[in-house]
1. Checking ALA30 against (1) under 21 Å from LEU11 (Cβ atoms); (2) touching a Lys or Arg at 6+ places or on another chain (Cβ under 9 Å); (3) part of a loop (DSSP other than H, G, I, E, B); (4) of a type outside the set (Asp, Glu): exactly one of these is not met. Which one?
2. Please tell me if ARG24 is of a type in the set (D, E, K, R) and part of a strand (DSSP E or B).
3. Would you point out the residue of segment 54-76, among those that are farther than 15 Å from ASP27 by Cα, among the β-branched types (Val, Ile, Thr) and touching a residue at least 40 places away in the same chain (Cβ under 8 Å), that is surrounded by the most Cβ atoms within 10 Å (Cβ to Cβ)?
4. For segment 22-45: of the residues being of a type outside the set (A, V, I, L, M) and surrounded by 15 or more Cβ atoms within 10 Å (Cβ to Cβ), which is farthest from ARG94 (Cα to Cα)?
5. Suppose we filter segment 83-93 for residues that are out of contact with any Gly (no Cβ under 8 Å at 6 or more places or on another chain) and surrounded by 12 or more Cβ atoms within 10 Å (Cβ to Cβ); how many remain?
6. Can you name the residue in segment 12-21 that is crowded, with 18+ Cβ neighbours inside 10 Å and in contact with a Lys or Arg (Cβ under 8 Å, 6 or more places away or on another chain) and is also farthest from ILE112 (Cα to Cα) among such residues?
7. Report the residue count in segment 66-112 for those that are assigned to a helix (DSSP H, G or I) and over 19 Å from THR9 (Cα atoms).
Amino acid sequence: MLIVYDSLTGLGKKFAESLGYPARSVDADAAGEKCVLVTRNVGLGKIPPSTADFLERNKESVVGVVVNGNKKFGPFYCKAADKINKLYGISVIRKISGSGTKEDIDFVKNYIKNPPF
């Protein structure tokens with residue numbers, strides 16, 4: 001399994017790398033390999049353009065998405081996850097704060113090991 005991340009501050013990259021699978025930036029293509037996308041919000045819950053570009057090229061390869069955000073934004077917290085689900089039909093694995101917790105890491109690892117896909 002490949003982990004693809006879109007990280008502005010490094011928190012998404014840190015989470016992606018903590019999962020123990022090969023990880024690369026959204027700047028690269030998934031080349032048909034199944035992957036989990038770790039991304040973020042921009043503005044108030046919008047999908048980052050770099051994530052949208054990756055999804056347009058690779059949506060068939062993405063088995064699920066993890067979105068990190070900041071809970072101080074209330075109803076917009078990780079809203080990009082819901083938009084990705086609606087626009088691309090990709091399952092939301094987890095919404096995390098910052099670089100996630102051990103519980104978040106364990107949850108996503110379990111999802112990958114016991115996939116519903």
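Where a number appears in this text, it was derived from the coordinates with a stated rule and is not lab data. Please read these numbers as outputs of a predicted model, since none were measured by experiment. For neighbour counting, all protein chains shown are included, and Cβ atoms are generated from backbone atoms with ideal geometry for every residue, glycine included.
1. Among (1) under 21 Å from LEU11 (Cβ atoms); (2) touching a Lys or Arg at 6+ places or on another chain (Cβ under 9 Å); (3) part of a loop (DSSP other than H, G, I, E, B); (4) of a type outside the set (Asp, Glu), the lone unmet condition for ALA30 is (1).
2. Details: of a type in the set (D, E, K, R): yes; part of a strand (DSSP E or B): yes.
Answer is yes for this residue.
3. VAL66
4. Step one: of segment 22-45, the residues of a type outside the set (A, V, I, L, M) are 22, 24-25, 27, 29, 32-35, 39-41, 43, 45.
Next, from what is left, pick out any that are surrounded by 15 or more Cβ atoms within 10 Å (Cβ to Cβ): 24, 34-35, 39-41, 45.
Values: ARG24: 19, LYS34: 17, CYS35: 15, THR39: 11, ARG40: 12, ASN41: 14, GLY45: 15 Å.
Selected residue: ARG24.
5. Step one: of segment 83-93, the residues out of contact with any Gly (no Cβ under 8 Å at 6 or more places or on another chain) are 84-89.
Then drop every residue that is not surrounded by 12 or more Cβ atoms within 10 Å (Cβ to Cβ), which leaves 84-85, 87-88.
Number of matching residues: 4.
6. GLY12
7. Filtering segment 66-112 for residues assigned to a helix (DSSP H, G or I) gives 71-76, 79-88, 102-112.
Still in the list and also over 19 Å from THR9 (Cα atoms): 74-75, 82-88, 102-103, 106-112.
Residues that pass the stated criteria total 18.
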